[in-house]
Amino acid sequence: MLKSLEQQVLEKIIALLENIEYGTLHITVHDSKVTQIDKLEKFRMPLLSREDHINRMNKR
């Protein structure tokens, strides 16, 4: 059985949301239909404490 286009779009949105830790999902709609989905994923790096940063700078 073929899935409807609406069901495919919903499944795609759910899959994208489940696999993004930080970022945005931008859904473009035209005439009540989803026409585009943009995913911008960000990768957060752990911040160094001020003390760790000073220690690293002093080791150079």
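Looking at segment 36-60 only, could you name the residues that are closer than 28 Å to L5 by Cβ and either touching a residue at least 24 places away in the same chain (Cβ under 8 Å) or surrounded by 10 or more Cβ atoms within 10 Å (Cβ to Cβ) (or both)?
I37, D38, K39, L40, E41
Considering each of L47, L40, L25 in turn, give the residue that is at pLDDT below 95 and either over 18 Å from the mean Cα position of the chain (by Cα) or assigned to a strand (DSSP E or B) (or both).
L47
Any residue in segment 7-32 that is more than 30 Å from P46 (Cα to Cα) sitting within a Cβ distance under 8 Å of a residue that is of a type in the set (S, T, N, Q)? List the pairs, counting only those 6 or more apart or interchain.
T28/T35; T28/Q36; V29/T35
The values are calculated or read from the model by the stated rules, or taken from the named source; none is laboratory data. Given the structure is predicted, the values throughout are model-derived calculations rather than measurements. All Cβ positions, glycine included, derive from the backbone under ideal geometry; neighbour counts span all protein chains shown.
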